Amino acid sequence: MKENITDRSWVEIDLSTFRSNLRILKDYLRPGQSFLQIVKADAYGHGAKEIAEIALAEGAKYLGVANAEEGKLLRIQNIQAPILILSPSLISEIPKLLKYKLTPSVSDADFASALSQKAQAAGVSCDVHLKLDTGMHRSGIYIAEAMAFYQAVAALQALHIEGIFSHFASAESDPEFSHQQESALADFIHALAQPPRYVHIANSAGLINAYGSFCNLVRWGICSYGVNISTGNIGVQPVMTFKSTLSQIKPINPGDTVGYEREWTAAHAGRYGIIPVGYADGYDFLLSNRAVVLIRGSLCPVIGRISMDMITVDLSKLPQAELTDEVILLGEGHEEIRVERLAGLYHGSAYELLCQVGRRAKRYYRSQDRVLHSTPLARRDFVSSDFGDSKLNQIITSALTQRLDSEEIGELIYREILRTFFYNKDRNVHYRKNFQHEISFATADNPMYYVAKTRLRYQKILDKDTFIVACASSNESLRAYFMRPDVEYRWLLDARLLHIEDSFFVDSVRINDIDLQTQCKNLASCQEILCFHPKLKKLVGQEVAYEINTTTLYPTAAHQFSVFISELTRGVKISFSYPPELGQVEPVSIFSGQQKNPQITQRPGKIQLKSQADEWVFPLSGVVFSY
């Protein structure tokens with residue numbers, strides 16, 4: 001694959017190998033047993049989303065993660081399968097558990113009570129798995145206290161005990177203690193009048209050693225990633241391969257030393273190579289002077305101390321090695337570079353080494369020899385909630401600049417369009433849709449004015465249980481109302497009419513099928529009509545239908561009438577009806593958004609402008625009718 005990759009180091013994840021490993025493990029399942037795929041710690045460094053998708057396609061009933069944040073990330077990545085939180089959750093994490101429909105493991109009465117209360121308040125039921133401590137003495141309720149705890153949790157209204165489980169302490173090496181643990185769990189389950197849907201205790205080693213035959217769910221992790229546990233080789237192959245390249249080759253003389261503290265001395269003349277990877281990349285420092293790497297099919301010893309950013313290897317027995325040759329540090333290709341073999345060199349953990357490898361490396365996902373896609377260095381898809389507002393604004397501006405290949409245009413879009421919405425976020429700004437504004441002019445008794453009737457309809461999320469219709473006598477006064485989130489309708493009135501009775505009158509205001517009450521307040525240069533009703537409190541936060549009807553007067557000498565859209569709107573229809581004496585009426589649209597030229601239909605006495613129902617129109621768009 002190296003001919004297609006230019007990175008200093010990279011990690012390859014072979015999803016076809018992972019699928020093959022799952023099929024090997026499934027052969028160990030007993031009739032009626034299903035499996036839970038462990039994907040915590042980003043699937044031991046393999047990528048939780050990609051591993052989860054393959055596991056679910058192969059029949060996984062559940063996914064296992066360490067905490068609510070890991071579960072949340074999978075949900076954001078559109079993984080909908082059941083997700084079990086294996087570690088104890090905090091009370092502060094309960095809102096996240098409920099929001100993302102995660103299944104917590106429960107072994108604490110206070111947590112269970114708080115979870116039930118918050119679930120009940122939210123009007124939902126929460127599945128839980130009770131964790132029993134059968135001898136590992138880590139998390140879990142002691143087996144002697146388990147029945148009382150089970151009964152207490154079962155009595156909580158908003159919780160449903162979907163599963164009961166425990167965890168082996170040493171399934172790889174201690175059969176006697178493992179049998180004691182599984183017997184303790186089996187006795188508890190058999191004492192229940194009705195067992196839960198899932199019972200599980202076996203991990204990878206427990207499955208291979210045939211423990212937990214009475215359980216119907218098996219949790220596996222390490223073996224599925226191609227690590228043979230101490231019970232023997234079952235044929236699984238490494239899914240992860242960590243690779244780099246030779247960045248420098250140098251000669252060395254007898255007696256020369258290599259690296260910090262001069263821990264390796266050349267016994268004879270030869271060559272050594274530099275690999276641009278070190279312990280900061282997750283290649284463990286304790287592999288110094290112990291490990292080997294694979295170059296051109298030959299094993300080359302690691303010599304000297306591993307540095308933060310570099311490894312030196314002995315090339316004396318590989319004279320054909322050249323700069324930019326591919327180097328395999330861990331994974332496929334040879335038994336000596338399998339993760340379990342490398343970790344064994346320093347009595348370390350294969351789990352730890354897999355999780356830490358490739359901290360500064362891209363991951364390339366492949367099936368056989370075909371690269372499917374890659375993921376960023378940070379090993380996490382972009383999640384906006386990871387960042388504060390200031391940092392997020394920088395990211396957005398930078399992304400626009402790069403995408404448009406123009407710093408000036410990127411900054412312009414952010415400053416003139418997006419920043420307005422970000423500034424208003426605390427005002428709960430919601431967009432309008434199906435915006436329909438009907439205006440009709442008719443001859444009035446006073447020849448200086450037309451009678452103007454307006455009907456405004458749209459859908460929007462109701463922010464609060466009151467709002468205002470504003471009528472101002474100057475552009476300056478009206479402009480102030482455009483900045484207020486509690487104003488739903490604005491009208492510019494001839495200043496001579498401001499305090500004349502019925503010169504501006506709200507005929508009716510409706511929310512859904514509720515006729516609202518109104519109360520007028522006269523100010524120096526404007527009128528504010530407060531719209532309210534007791535029933536609106538129950539509708540706050542819901543999308544509702546607005547309808548506002550007004551009657552007012554409009555000067556005949558104006559020779560133009562304007563309609564402006566003050567909020568982000570999806571789908572606009574504006575109609576203007578007028579008497580014959582207006583003569584020729586010319587509509588001039590100033591729409592800003594997806595469709596700059598709305599559909600215009602004209603017939604005698606009426607003009608209509610219309611956008612597509614799903615098209616966005618930006619604020620301060622509108623139309624001027626000239627006559």
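The values are calculated or read from the model by the stated rules, or taken from the named source; none is laboratory data. This one's a predicted model, so the numbers in the text were calculated from it and none came from an experiment. Methodologically, a virtual Cβ is constructed for each residue, glycine included, from the backbone with ideal geometry; neighbour enumeration extends over all protein chains shown.
Some notes on this structure:
- Of residues in the stretch 431-455 being in contact with an Asp or Glu (Cβ under 7 Å, 6 or more places away or on another chain) and of a type outside the set (S, T, Y), the one modelled with the highest pLDDT: R455
- Strands (runs of 3 or more DSSP E) within the stretch 233-304 that include 2 or more residues surrounded by fewer than 21 Cβ atoms within 10 Å (Cβ to Cβ): 248-252, 270-275, 298-301
- Qualifying residue in the stretch 342-351 (condition: over 26 Å from H46 (Cβ atoms) and of a type in the set (S, T, N, Q)): no
- When each of V544, V617 is tested for being under 34 Å from the mean Cα position of the chain (by Cα), touching a residue at least 40 places away in the same chain (Cβ under 8 Å) and surrounded by fewer than 19 Cβ atoms within 10 Å (Cβ to Cβ), the lone residue that passes is V544.
- Subset of the stretch 10-47 [under 23 Å from Y211 (Cα atoms), of a type in the set (V, I, T) and not in a strand (DSSP E or B)]: I24, V39
- Criterion applied to F165, F188 was being buried (at least 18 other Cβ atoms within 10 Å of the Cβ), under 37 Å from the mean Cα position of the chain (by Cα) and farther than 27 Å from E335 by Cβ, and the one residue passing it is F165.
- Top-ranked residue of the stretch 146-162 - restricted to ones that are of a type outside the set (A, V, I, L, M, F, W, C) and surrounded by 14 or more Cβ atoms within 10 Å (Cβ to Cβ), ranked as farthest from C126 (Cα to Cα): Y150
- Applying a threshold of 8 Å to beta carbon distances and a minimum spacing of six or more residues, or different chains, the list of pairs starting in the stretch 67-86 at a residue that is touching a residue at least 40 places away in the same chain (Cβ under 8 Å) and under 15 Å from C126 (Cα atoms) and ending at one that is small (G, A, S) and buried (at least 17 other Cβ atoms within 10 Å of the Cβ) reads L84/G64; L84/S105; L84/G163.
- Subset of the stretch 569-586 that is under 20 Å from R457 (Cβ atoms) and surrounded by fewer than 19 Cβ atoms within 10 Å (Cβ to Cβ) - its residue that is nearest to the chain's Cα centre (by Cα): K573
- Within the stretch 97-107, the set of residues being more than 17 Å from S125 (Cβ to Cβ) and either surrounded by fewer than 18 Cβ atoms within 10 Å (Cβ to Cβ) or modelled with pLDDT under 95 (or both) is empty.
- Residue check, E335 farther than 25 Å from T257 by Cβ, in contact (Cβ under 8 Å) with a residue 24 or more places away in the chain and of a type in the set (D, E, K, R): no
A quick yes/no check of all residues on (1) at positive phi; (2) at pLDDT below 90:
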| site | (1), (2) |
| --- | --- |
| S575 | no, no |
| I590 | no, yes |
| N597 | no, yes |
| R603 | no, no |
| K606 | no, no |
| S611 | no, no |
| L620 | yes, yes |
| S626 | no, no |
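- Checked against (1) over 24 Å from L620 (Cα atoms); (2) without any contact (Cβ under 8 Å) to a residue 60 or more places away in the chain; (3) surrounded by fewer than 20 Cβ atoms within 10 Å (Cβ to Cβ), L498 meets all criteria but (3).
- Total residues in the stretch 38-53 satisfying the condition of being surrounded by fewer than 21 Cβ atoms within 10 Å (Cβ to Cβ) and closer than 25 Å to R197 by Cβ: the figure is 2.
Here is a yes/no grid of residues against (1) of a type in the set (S, T, N, Q); (2) in contact with a helix residue (DSSP H, G or I) (Cβ under 9 Å, 6 or more places away or on another chain):
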{"site": "A291", "(1), (2)": "no, yes"}
{"site": "L299", "(1), (2)": "no, yes"}
{"site": "G304", "(1), (2)": "no, yes"}
{"site": "S307", "(1), (2)": "yes, yes"}
{"site": "M310", "(1), (2)": "no, no"}
{"site": "L318", "(1), (2)": "no, no"}
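- Failed item, numbered, when G331 is tested on (1) closer than 27 Å to S20 by Cβ; (2) surrounded by 14 or more Cβ atoms within 10 Å (Cβ to Cβ); (3) modelled with pLDDT under 95: (3)
- Within the stretch 459-471, not a single residue is in contact with a helix residue (DSSP H, G or I) (Cβ under 7 Å, 6 or more places away or on another chain), modelled with pLDDT of 95 or more, of a type in the set (A, V, I, L, M) and over 30 Å from P579 (Cβ atoms).
- Any chance V487 is of a type outside the set (F, W, Y) and modelled with pLDDT of 95 or more: no
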